[in-house]
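Here is the structure we will look at.
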Amino acid sequence: MKIYTCLCLLFLAGYLVAQNNTSALLPMPNQITSVKGKPFTVRSGKTAIYMGQPELQFTANTLQNILYDRMQVEIPLASESGHADIRLLIDPAMDGKEHYRIEITSKGITISGATAGAVYYGIMTMDQLLLGDACATAQKEIAPVHIDDAPRFSHRALMLDPARHFLPVNDVKFFIDQMARYKYNILQLHLTDDQGWRVEIKKHPKLVGKDYYTQEQLAEIIQYAAQRNIEVIPELDIPGHTVAILAAYPELGCTHTDTLPKIVGKTTDLMLCANNEKVYSVYQDIIKEISSLFPSDYIHLGGDEAVIEKNWTKCTRCQAMMKELGYQKASQLMIPFFSRMLSFVQENDKTPILWCELNNIYPPANDYLFPYPKNVTLVSWRGGLTPTCLELTRKHGNPLIMAPGEYAYLDYPQLKGDFPEFNNWGMPVTTLEKSYQFDPGYGVSAEDQAHITGVMGTLWGEAIRDINRATYMAYPRAFALAEAGWTQMKSRNWESFKQRLYPNLTNLMKKGVSVRVPFEIVDRK
Ligand SMILES: [Zn+2]
């Protein structure tokens, strides 16, 4: 046995650190207690998995697959607790929806969680225990440990943009598989933009072109994600980023744009008219269908980068509306526009999300672009403006999701000279280390960050042609963001993260995931 262990360590010497059961934990759990004692040994023909509730079926099967993948053992499910030394249990007495516990002793393993999703997270952590403790795993042993873990934030999102470059269903599922490993629980799909309308709307079939998701396909993605504790939030961007719908229904634009060509993929800077009944009736239909298709409580309606001066300022209908309402600035038309649109969201018992826009797109800015209703969750994104968004949302009582460009825009290059090689408008560089420095609370007091619900990493698709590029841009920075969303600041550490990164990157590579090797964090001397 000793010789075997030595060979094993030698084999892994490339990592230059001792391998143990914490070597691959990512995001780092919030409470780990090492336990003295002998390891648990997985025995083919003896070890079995018992699940306490039928809704743990998928999670139990996932654990079977993990044990086969890591130890090459086929472990059956047991129908009675007494016959099983691995137990999966939902314990509703545990507080917090995603709270799970793992208890490993020489006698057995118990993974309990507040919900099926929480138990699933216990299994994801189990996979990383086995991945990290490679020598023990090779001997079918699992070191004793107690983990009691729950996330810092309830909203931990990545965003895909199939509107700019379409991503087929199986590619979205592949992306979901990787997100689930790192305990992301939200996938935001940016479904509509200038370059495409990607969701079938049965009442308005003209909206979609060649590449789109049928409602049945979206239902399939939603279910696939839900099994892995991931909720899919749809984003329909309005009133800007709407050339695709304007190409299908040119009459939804402002008066002076009637004669302008609307070519999907070429035309930009057009908006929906704020004073056009048909705009509201069409979106009422769309929001109704989207609401019944997506079980999420949320619908994201964009609200970003509205080129108001090229549209509402020049439109006779919009100008008449301004006059009628006594507005001084065309941007004030956002008030009646979103008041109507948000009422459709409310009609369907959903909660709206919008990108946080301020009265200037660069610092300094000191107020919202228009007064957001209190029930709107905002997403902070523009470089330099997050401290202002944080303060304004606190003052006005809007829940806030953190996606600051400086840390969370995963479509930006990871190093000077790296991808994207096309449609790069001079994007700022966001290194892995910079992403890791992200504290979603921005260092303000606990009270002043209490309205922050979570984090989101964006993968805007202008320069992301396919899923391999999407994962290349995401990983490893999405590891950093996963830890920012899950792990309390006191348990986060860049040096530790750097070491835990390698087994996870290698693991993704083995699963056929395109990743970027972060060579710049290694001392080449
Ligand atoms: Zn107009």
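The gain in end-to-end length when the Glu55 to Ile521 segment is fully stretched comes to 163.5 nm, 0.36 nm per residue minus the alpha carbon separation.
Between amide H atoms placed 1.01 Å from N, distances below 5 Å from Val379 occur with Leu354, Trp355, Cys356, Ile401, all of them 5 or more places distant or on a separate chain. Mean separation of Cα pairs under 8 Å and 6 or more residues apart, divided by the residue count, gives the chain a relative contact order of 14 percent. Suppose we keep just the DSSP beta bridges with both residues in the stretch 19-149; what percent of those would be antiparallel, to 5? Looking only at bridges with both residues in the stretch 19-149, the antiparallel portion is about 60 percent. Computed over the stretch 103-150, the range of Cα coordinates on each principal axis works out to 32, 21, 14 Å, biggest value leading. Averaging 1/r over each pair of different alpha-carbon atoms in the stretch 416-472 and inverting the result gives 14.0 Å, the Kirkwood hydrodynamic radius. Can you tell me what percent of all Cα-Cα pairs in the chain are more than 28 Å apart? Value for the chain: 57 percent of Cα pairs lie more than 28 Å apart. Of all the Cα-Cα pairs you can form in the stretch 19-149, what percent are over 21 Å apart? Value for the stretch 19-149 (Cα pairs over 21 Å): 32 percent.
For the stretch 181-214, trypsin sites (Lys or Arg not before Pro) meeting the loop criterion (DSSP other than H, G, I, E, B) and having at most 12 other Cβ atoms within 10 Å: Lys202, Lys203, Lys210.
Taking one equal scatterer on every alpha-carbon of the stretch 178-267, how large is log10 of I(q)/I(0) by Debye at q = 0.13, 0.15, 0.19 1/Å? After summing over all Cα pairs, the log10 values are -0.52, -0.64, -0.88. For the stretch 322-372, trypsin sites (Lys or Arg not before Pro) meeting the loop criterion (DSSP other than H, G, I, E, B) and having at most 15 other Cβ atoms within 10 Å: Lys329.
What stretch of the chain, leaving out the sites themselves, is the longest with no chymotrypsin sites (Phe, Trp or Tyr not before Pro) in a DSSP loop having at most 11 other Cβ atoms within 10 Å?
Formally, the longest exposed-site-free interval is 1-421.
Measuring between alpha carbons in the structure, the pairs from Lys329/Lys350; Lys173/Lys202; Lys262/Lys288; Lys329/Lys434; Lys350/Lys511; Lys323/Lys395 lying more than 32 angstrom apart are Lys329/Lys434; Lys350/Lys511. Relative to the 2.2 N^0.38 Å rule of thumb, the stretch 310-466 has a C-alpha radius of gyration ratio of 1.19.
Only the coordinates and a few stated rules stand behind these numbers; no lab work does. Bear in mind that the values here come from a model prediction, so they are computed numbers and not experimental data. Positions of Cβ are backbone-derived with ideal geometry, glycine not excepted, and every protein chain shown enters the neighbour counts.
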